[in-house]
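Working notes, structure below.
The values are calculated or read from the model by the stated rules, or taken from the named source; none is laboratory data. Remember, predicted model here, so these are calculated numbers, not experimental data. FYI the Cβ positions are ideal-geometry reconstructions off the backbone, even for glycines, and counts take in every protein chain you see. All accessible areas refer to the heavy atoms of the entire protein, side chains included, with ligands and DNA or RNA removed. Shrake-Rupley method; radii C 1.70, N 1.55, O 1.52, S 1.80 Å.
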Amino acid sequence: MVNATSNGTKAVLNGLILTGGRSSRMGADKSRLTYHDKPQREFLADLLRPYCEKVFWSVNAEQAAELTGIGQPFIVDAFEVEGPLNGLLSAFQHDPTVAWLVVACDMPLLTSRSLDGLVAARMPTRPATAFYDSDGRYPEPLLSIWEPQSRALLQQALDEGNPSPRKILLMNDAALLTAPDVQELTNVNDPASRSALGF
């Protein structure tokens, strides 16, 4: 596996589905909710496989205890920080040589259309490639590709107490794209939002 260096070779792309949040507003594990006839974490794993060499669930320790033996690869949060930064750093600790295509488990409207656009526009010489969010103002870190060279930036952010992946994208020359359909970036974090989408 080769990082994006002066020879222009792209690092291998792995998938990372962020499922380790507390889901406190939803009142249930968002990764296990069903939107497409199967738990969302399984649906997203199937969606990412055509783009990735391997696809992993990013999980917390409590979830990991329930997943042993199911056959789906997962990476357990390994850092003392809440939020998606933990999943990203844990993934790079697992394999620092690959790029990680990161997707949050609470985007039920996501389709291959957005993934096609993101992967096609990937810029491996930049630390990351991401869409602007649904408001078109800020980067959306929860649907993005993080290159191997971003690991140092993520670790620096943790060390400095600035654990926001969005700020990391803003401050470090990430490649930012307009999403083909911003509705696909919709986050569903509570029962009312889920009901509003007809689920």
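In a GNM of the chain with a 10 Å cut-off on Cα contacts, which of ILE145, ILE168, ILE70 has the highest mean-square fluctuation?
With Cα springs under 10 Å in the chain, the top fluctuation among ILE145, ILE168, ILE70 is at ILE70.
Rounded to the nearest Å, what's the spacing between the alpha carbon centres of segment 111-172 and segment 30-90? Just the number, please.
What the calculation gives is 18 Å, centre to centre.
222 nm [θ] for the chain, helices only, -39500 (n - 2.57) per DSSP H run of 4+, per residue, to 500? Working shown, then result.
On the way: 7 runs with 59 residues, N = 199.
Here the helix-only value at 222 nm equals -8000 deg cm²/dmol.
Please give the helix 150-159 orientation as an angle from the longest Cα principal axis of the chain, in degrees from 0 to 90, rounded to the nearest 10.
For 150-159 against the chain, the angle is about 70 degrees.
Within segment 107-128, which residues have the backbone N less than 18 Å from the label spot 7 Å out from ALA152 along Cα→beta-carbon, could you tell me?
So the set is 124-128.
At what distance in nm do the modelled label points of SER134 and THR34 sit from each other, each positioned 7 Å from its Cα along Cα→Cβ?
2.4 nm
On C-alpha positions alone, give me the angle between the axis of helix 84-94 and the longest principal axis of the chain, in degrees, nearest 10.
Its long axis makes an angle of about 60 degrees.
Using a 7 Å offset from the Cα along the Cα-to-Cβ direction at both ASN189 and GLU62, what is the distance between the two label points in nm, to one decimal?
In this crude spin-label approximation the distance works out to 1.8 nm.
Could you check how much of the accessible area of segment 75-133 is carbon and sulfur, as a whole percent, using a 1.4 Å probe?
Numbers: 1050 of 2020 Å².
Answer for segment 75-133 is 52 percent, counting heavy atoms of protein chains only.
List every residue whose amide H lies under 5 Å from the amide H of SER144, counting only residues 5 or more places away in sequence or on a different chain, with H placed 1.01 Å from N in the peptide plane.
Counting only residues 5 or more places away or on other chains, the set is VAL102.
Sorted by packing (mean other beta-carbon atoms within 10 Å per residue), highest first, where do 59-65, 46-52 land?
On the way: 59-65: 14.9, 46-52: 16.4.
By packing density, highest mean first, the sequence is 46-52, 59-65.
Write down the Å³ per residue value for the convex hull defined by the alpha carbon atoms of segment 129-198. Present the calculation step by step, with values, prior to reporting the outcome.
Values: hull volume 7.2 nm³, N = 70.
So the per-residue hull volume is 103 Å³.
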